[in-house]
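Below: the structure, in structure tokens.
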Amino acid sequence: MSKCDKLLEVAITLSEKHGYDKITRDQISAAGGVSTGTVTNTLGTMKQMRRKIIRHATRTGNNVIIAQAIVNREPYASKLSPEARQAALMSVA
């Protein structure tokens with residue numbers, strides 16, 4: 001597993017627990033055992049990191065994060081089918 005994949009998995013785990021829009025580089029670095037600079041260099045800006053988290057969630061069917069993205073009106077989430085959006089929201093209701 002690449003460093004990027006490892007840190008993305010850490011970010012996803014934290015996102016499921018705290019919300020993808022509330023996690024910080026400090027949380028990711030502490031949980032991943034790396035510096036905050038490594039998080040930034042690997043995952044990019046917070047906006048880029050959030051986009052990666054949402055894309056990963058839509059590819060893998062992570063309804064918890066998809067529902068968060070819908071509630072936060074993320075453009076990427078709005079591209080999902082109505083059925084996928086409904087399933088995500090119903091899974092966390």
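The values are calculated or read from the model by the stated rules, or taken from the named source; none is laboratory data. Here the structure is a predicted model, which means the values were calculated and not measured. Cβ placement follows ideal geometry from the backbone for every residue including glycine, while neighbour counts extend to all protein chains displayed. SASA here: full protein model, heavy atoms, side chains in, ligands and nucleic acids out. Shrake-Rupley method; radii C 1.70, N 1.55, O 1.52, S 1.80 Å.
Counting each DSSP H run of 4 or more residues in the chain as -39500 (n - 2.57), what helix-only mean residue ellipticity at 222 nm follows after dividing by all residues, to the nearest 500 deg cm²/dmol?
One gets -22500 deg cm²/dmol as the mean residue ellipticity at 222 nm.
Magnitude of the Cβ-charge dipole of the chain, K/R +1 and D/E -1, about the Cα centre, nearest 20 debye?
Dipole of the chain, to the nearest 20 debye: 240 debye.
Only loop residues by DSSP count here, and only those with at most 14 other Cβ atoms within 10 Å; note down the trypsin sites (Lys or Arg not before Pro) in the stretch 16-76 that meet that.
Counting only loop positions with at most 14 other Cβ atoms within 10 Å, the trypsin sites (Lys or Arg not before Pro) in the stretch 16-76 are K22, R73.
Just to be sure I understand the curve: with the Debye formula and one point per C-alpha of the chain, what is log10 I(q)/I(0) at q = 0.20, 0.24 Å⁻¹?
-0.87, -1.16
Express the accessible area of the chain per residue in Å², computed with a 1.4 Å probe while the remaining protein chains stay in the model.
Values: 5450 Å² over 93 residues.
Solvent-accessible surface per residue comes out at 59 Å².
Along the stretch 15-23, what does the Karplus equation 6.51 cos²θ - 1.76 cosθ + 1.60 (θ = phi - 60°) give for ³J(HN,Hα), rounded to whole Hz, x for Gly and Pro?
5, 4, 7, 10, x, 5, 8, 10, 6
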